[in-house]
1. Among the residues that make up segment 312-322, is at least one of them polar (S, T, N, Q) and open to solvent by 10 Å² or more (accessible area, probe 1.4 Å)?
2. Residues of segment 349-388 being closer than 21 Å to W415 by Cα, small (G, A, S) and open to solvent by less than 10 Å² (accessible area, probe 1.4 Å), which ones?
3. With among the β-branched types (V, I, T), touching a residue at least 24 places away in the same chain (Cβ under 8 Å) and in contact with a Pro (Cβ under 9 Å, 6 or more places away or on another chain) as the only criterion, which of V330, V300 stands out?
4. Answer yes or no as to whether V296 is β-branched (V, I, T) and either buried (at least 24 other Cβ atoms within 10 Å of the Cβ) or out of contact with any helix residue (DSSP H, G or I) (no Cβ under 8 Å at 6 or more places or on another chain) (or both).
5. Note down all Cβ pairs under 9 Å where the first residue falls in segment 34-48 and is in contact (Cβ under 8 Å) with a residue 40 or more places away in the chain and farther than 13 Å from V163 by Cβ, the second is hydrophobic (A, V, I, L, M, F, W, C) and assigned to a loop (DSSP other than H, G, I, E, B), and they're at least six residues apart or on different chains.
6. Just checking, how many residues over segment 124-147 are part of a helix (DSSP H, G or I) and over 20 Å from T294 (Cα atoms)?
7. Would you confirm whether any residue within segment 25-38 is open to solvent by less than 10 Å² (accessible area, probe 1.4 Å), hydrophobic (A, V, I, L, M, F, W, C) and at pLDDT below 90?
Amino acid sequence: MSAQGTPNVTAGTTTTPRGAWTITFLLFLFMVVNFADKIVVGLAGVPIMTEMKLSAEQFGLLGSSFFFLFSISAIVVGFIVNKVPTRWVLLTLAVIWAVSQFPMVGTVSFTTLLICRIVLGAGEGPAFSVAAHAIYKWFPDEKRTLPTAILSQGSAFGVILAVPALNWIIVNHSWHYAFGALGVVGLIWVAAWLALGKEGPLEDTEVLAATEPKIPYVQLLTSRTFLGCVIATFGAYWALSLGLTWFTPFIVKGLGFSQSQAGFISILPWVFGATIVLLTGWISQVMMARGSTTRVSRGVLGSVPLIIGGLILATMAHVDGAGLQIAALVVGSGLCGAIYVVCPPMLGEFTPASQRGAVIAIYGALYTLSGIIAPSVMGAVIQRSGSMLDGYLTGFAINAVVMIGSGIIGLLLLWPNTEKARLMRGAAAQGAALKGAVSPT
């Protein structure tokens, strides 16, 4: 029996335990709530700026504040889940999300709103990494790409499902009540997880920590595939954080649509992105089943769409009409989604299971640093531009350059299959040397 009271199945088995897809669905809903929490400030951006009389730079600071403790929290919690069951960590995170929403229901100052977003960011920083680590306890390596894609889809569906509902609340009642609604939804998920959430049986963290070979963290974190994942996803997250904070204000203030119209338009990047993520997960798994290396079926498949997306986004300033500009923004930023599907499984390929939670969390902590930078850069560019539309277009052009550069670097560095062979050889050699040093002569 495992430490959590479930049968201990040998790691590496091709059998998917019963209940794996139920947990996957619950964690998909976990990410739905996560991204609904993220999008609400951007969706209510114009009403918030109007009521609080905020400048573009101040609103950019509000968008960035969500990420102030995001990375630190992700790293700390990543090491915690190496030893603590993910079931209880996920529950704690969700409670923090719910509680941090309720202060905004009443009259609130800019400082209070800022603090609540910082606390929410601290709670949400570890979310995807911990959820991915939890799912990998239910699926063997060769079957992880599709559940990772489904988990990633929580982000898209969190926006697709939340935007119409939250925008209706914002338009017909108040942006304050939109935050309160999210707090209630978060508590509902907490209740569902308490009733149904379980720890995966494929890996017993305590047993693995005692028996499996260890690789020094410095080797894992300086490996080219780890660095490639961080840099490539940094560029993708730059686009995502801009979408969370600035997409709806761009539609309203930059292109002149109403708040009601902007609510529906704001769904488009996430619908397209959801399609890309699911296709990437399915194609990757099919390619692996047919014998493709993970260099191709994960590394190349994730990096190339990022480069293409950046090139498409770069055309925004050179096309006429709001429709074409929205199309370039939707397609360009939506293609970024491919990289989120392939990087966690690539890291899981060569990271020992007892160290995986920390490595995936550190990866998440590093690439989400772009969430601190991107919204503030956009706010500063808009504030200093001759016209608001020019400021937005310049900000998206900067995004395009970041995406193209990070995609190229990712394409050069992502070699998970050779990384695994190299690191395992090194771990085996160190183990043999240690054994020889302590053996009697």
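The values are calculated or read from the model by the stated rules, or taken from the named source; none is laboratory data. Source: prediction; values computed, not measured. In this analysis, Cβ positions are derived from the backbone assuming ideal geometry, glycine residues included, and neighbour counts consider all displayed protein chains. The accessibility values were calculated without ligands, DNA or RNA, using every heavy atom of the protein model including side chains. Shrake-Rupley method; radii C 1.70, N 1.55, O 1.52, S 1.80 Å.
1. Looking for residues that are polar (S, T, N, Q) and open to solvent by 10 Å² or more (accessible area, probe 1.4 Å), one finds at least one in segment 312-322, hence yes.
2. G357, A358, A361, G364
3. Exactly one of V330, V300 is among the β-branched types (V, I, T), touching a residue at least 24 places away in the same chain (Cβ under 8 Å) and in contact with a Pro (Cβ under 9 Å, 6 or more places away or on another chain), namely V330.
4. Considered against the rule, which asks whether it is β-branched (V, I, T) and either buried (at least 24 other Cβ atoms within 10 Å of the Cβ) or out of contact with any helix residue (DSSP H, G or I) (no Cβ under 8 Å at 6 or more places or on another chain) (or both), V296 comes out as no.
5. Between residues of segment 34-48 that are in contact (Cβ under 8 Å) with a residue 40 or more places away in the chain and farther than 13 Å from V163 by Cβ and residues that are hydrophobic (A, V, I, L, M, F, W, C) and assigned to a loop (DSSP other than H, G, I, E, B), the close pairs are I48/L54.
6. Total meeting the criteria: 7.
7. yes
Per-residue answers, yes or no, for (1) over 26 Å from A314 (Cβ atoms); (2) under 19 Å from the mean Cα position of the chain (by Cα):
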residue: A232; (1), (2): no, yes
residue: W238; (1), (2): no, yes
residue: L244; (1), (2): no, yes
residue: L255; (1), (2): no, no
residue: Q259; (1), (2): yes, no
residue: F272; (1), (2): no, yes
residue: V277; (1), (2): no, yes
residue: M288; (1), (2): yes, no
